[in-house]
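Here is the structure we will look at, set down as C-alpha cells.
The values are calculated or read from the model by the stated rules, or taken from the named source; none is laboratory data. Keep in mind the model is a prediction, meaning the values are calculated, not measured. Cβ sites come from the backbone with ideal geometry, for glycine too, and all protein chains shown count toward neighbours. Heads up: the accessible areas ignore ligands, DNA and RNA and are worked out on the full protein's heavy atoms, side chains in. Shrake-Rupley method; radii C 1.70, N 1.55, O 1.52, S 1.80 Å.
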Amino acid sequence: MSTCTICGKSNAVYMRRYSGERLCKKCFNNSIEGKVRTTISKYKMLQPDDKVAVAVSGGKDSLSLLHILADIEKKFPQTSIYAITVDEGIKGYRDEALKFAAKNCQELGIRHKIVSFEKMYKISLDKLADILKGKEKNELSPCSYCGVLRRRALNTAARLIGANKLATAHNLDDETQTILLNIIHGDAIRIARVKPVLDKGHTKLIQRVKPFCEIPEKEIALYAYFKRIEFQNIPCPYAQTALRNDIRRMLNTLEEKHSGTKFAIFRSIERIRPALETTAKKEKLKDCKLCGEPTAGEVCKPCQMLQELHIL
C-alpha cells in the first residue's frame with residue numbers, strides 16, 4: 001500500500017487522479033477543508049461579520065458544508081450561522097432528510113429554520129407532480145418547478161432571519177452540469193449569471209455563495225463518510241425525470257476516461273465569463289405585481305409557474 005504524498009507517513013486511502021496525489025484520511029480531510037477556505041478567500045465570499053444562512057437539505061453536500069462553516073465560525077465568533085431547510089412535500093423522502101438536518105444542527109448548536117411549499121405556495125411538490133401527470137402537454141419536469149420554487153423559498157427564509165449571505169452546497173459536478181444545461185437549452189449568456197458568488201441585483205435578494213464550487217461531488221461524499229456525518233443517502237424520487245441526470249452520467253463517463261474534465265469545463269467558463277458579462281444585458285429587477293418579490297418582468301417565474309397550473 002502506498003504512503004500519503006502529503007505527510008509521507010500514513011497509508012494512502014484515496015487517489016486523486018486529476019492531481020496525482022495519494023492521500024491518507026487525515027490529509028484528505030484537511031485538503032477538503034483547506035479548499036473551502038481557499039475558495040471563500042479567492043472569491044471573497046464571506047466577511048468576518050456576516051450573518052450566513054446555509055441551505056441544508058439533509059444530504060451529504062449541505063451537511064458537510066454546514067460542518068465546515070461551523071468550524072470556520074469558531075475562529076470568527078462575530079460571524080453567525082443559521083441553517084434553512086426547505087420541505088417541498090415529498091412523501092417518504094423529505095421527512096427523513098428533515099430528521100438528519102435537524103439532528104446535525106442540534107449537534108452543532110446551529111439555529112434551524114424550516115420552510116415548506118405547503119405554507120408558501122399552498123401546494124406540495126407531490127401534489128404539483130400529480131397535476132403535471134394530468135396535463136397532456138408540459139415540457140417541464142417536477143424538478144424544473146422544484147428548482148424555481150426552492151430558490152424563492154430559500155431567499156425568502158434567509159431574508160426573514162436577517163442573513164446577508166446565503167451559502168449553498170453546489171459542488172463542481174453541479175456547476176459543470178449547469179453550464180452544459182444552459183448550453184443545451186440555448187441560453188449560453190445565462191452562464192454569465194451563474195457563478196461562485198451571485199450578483200444581488202435587488203435589495204430583496206440575499207447574495208448567494210458556493211464554497212464547494214471547486215470540489216468534486218465524490219470527494220464531498222468521502223469527506224462526509226470519513227467525518228462520520230449522518231446524512232440522507234437516497235436520491236429524490238423525481239431526479240430521474242430531469243435532463244440534468246443524463247448530463248451527470250455523461251460527465252461522469254468523461255471524467256472516468258479523461259481525468260480533470262470537470263475542472264477543465266469549470267475553469268474554461270471562469271476565463272470566458274468576463275467576456276460573456278459584457279455581452280449579457282444587465283436586467284433591471286423590480287417587484288412582482290403579484291407577490292412583490294424581485295423579477296425582471298411584470299410577474300416573477302414562481303408566480304408564472306403557479307398560474308399556468310391554476311394554483312395561483
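The GluC sites (Glu not before Pro) of region 133-197 that DSSP puts in a loop, and whose beta carbon has at most 15 other beta carbons within 10 Å, are GLU136, GLU139. Sorting LEU254, LEU198 by solvent-accessible area of protein heavy atoms yields LEU254, LEU198, largest first, with a 1.4 Å probe. When shorter helices are ignored and each DSSP H run of at least 4 residues is given -39500 (n - 2.57), the per-residue value for the chain at 222 nm works out to -15000 deg cm²/dmol. Annotated for region 30-77: lysine pairs at least 8 residues apart or interchain, Cα distance under 19 Å, count 9.
When both bridge partners sit in the chain, DSSP labels roughly 30% of those beta bridges antiparallel. A straight Cα-to-Cα reach below 17 Å connects LYS9 with the lysines LYS25, LYS26, residues fewer than 8 places away in its own chain not being considered. Given a 10 angstrom Cα cut-off, can you work out which residue in LEU66, LEU243, LEU140 is the most mobile in a GNM of the chain? Residue with maximal mean-square fluctuation among LEU66, LEU243, LEU140: LEU140. Considering only PHE226, PHE117, PHE100, the Gaussian network model of the chain with Cα springs below 10 Å gives its largest mean-square fluctuation to PHE226.
With the whole protein complex present, GLU21 retains an accessible surface near 50 Å², based on a 1.4 Å probe. Note that the chain presents 52 Å² accessible area per residue, ligands and nucleic acids not counted, probe 1.4 Å.
Each of ASP50, ASP187 has its accessible area taken with a 1.4 Å probe; listed largest first, they run ASP187, ASP50. Here the Gaussian network model covers the chain, with springs between Cα atoms less than 10 Å apart; of ARG37, ARG248, ARG228, ARG228 fluctuates the most.
For the chain, relative contact order (Cα pairs under 8 Å, six or more residues apart, normalised by length) works out to 19 percent.
Roughly to the nearest percent, how much of the accessible area of the chain is carbon and sulfur, given a 1.4 Å probe? Reported share for carbon and sulfur atoms: 53 percent. Here region 6-38 and region 135-210 have alpha carbon centers that stand 31 Å from each other. Charges were assigned to the Cβ only: +1 to each Lys and Arg, -1 to each Asp and Glu. The resulting dipole of region 154-277 about its Cα centre is roughly 380 debye. Counting charges near GLU270 (Lys, Arg +1; Asp, Glu -1) among other residues having Cβ under 12 Å from its Cβ returns a value of +2.
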